[in-house]
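K.L.:
Supplied in structure tokens, the structure appears directly below.
The values are calculated or read from the model by the stated rules, or taken from the named source; none is laboratory data. What you see is a predicted model, and the numbers here were worked out from it, not measured in a lab. Ideal geometry is used to build each Cβ from the backbone, glycine not excepted, and the neighbour counts take in all protein chains shown.
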């Protein structure tokens with residue numbers, strides 16, 4: 001079985017992806033509850049309301065769009081008591097982010 005896409009569908013898909021890469025460097029705020037467990041010395045961290053910066057869009061690989069579930073790599077800085085500021089990265093989807101720029 002072969003699946004063929006119309007040229008209109010594939011063209012619009014390719015046109016919208018470079019715009020996503022243009023968002024790298026934008027300030028964002030997490031607008032939904034998202035818990036992460038990979039920040040050192042913090043057992044659980046809820047990201048809602050935290051602000052960060054988009055560092056990478058991973059929905060394009062070698063110039064071709066891929067189906068990344070969480071395409072935005074966002075850098076956060078969190079002050080940890082007794083340790084100081086800790087930088088960490090989280091992959092998120094656009095629906096979880098509010099763009100501040």
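K.L.:
Go through region 41-58 and report how many residues are surrounded by fewer than 17 Cβ atoms within 10 Å (Cβ to Cβ) and touching a strand residue (DSSP E or B) at 6+ places or on another chain (Cβ under 7 Å).
P.N.:
Total satisfying the criteria: 12.
K.L.:
Another question, if that's okay. Here's a check for you: in region 34-52, which residue that is in a strand (DSSP E or B) and touching a residue at least 40 places away in the same chain (Cβ under 8 Å) is nearest to residue 99 (Cα to Cα)?
P.N.:
Among those residues, the one meeting the criterion is 51.
One line per residue, one yes/no per condition, for (1) part of a strand (DSSP E or B); (2) over 16 Å from the mean Cα position of the chain (by Cα); (3) modelled with pLDDT of 85 or more:
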{"site": "1", "(1), (2), (3)": "no, yes, no"}
{"site": "13", "(1), (2), (3)": "no, yes, no"}
{"site": "18", "(1), (2), (3)": "no, no, no"}
{"site": "23", "(1), (2), (3)": "no, no, yes"}
{"site": "32", "(1), (2), (3)": "no, no, yes"}
{"site": "54", "(1), (2), (3)": "yes, no, yes"}
{"site": "68", "(1), (2), (3)": "no, no, yes"}
{"site": "75", "(1), (2), (3)": "yes, no, yes"}
{"site": "95", "(1), (2), (3)": "no, no, yes"}
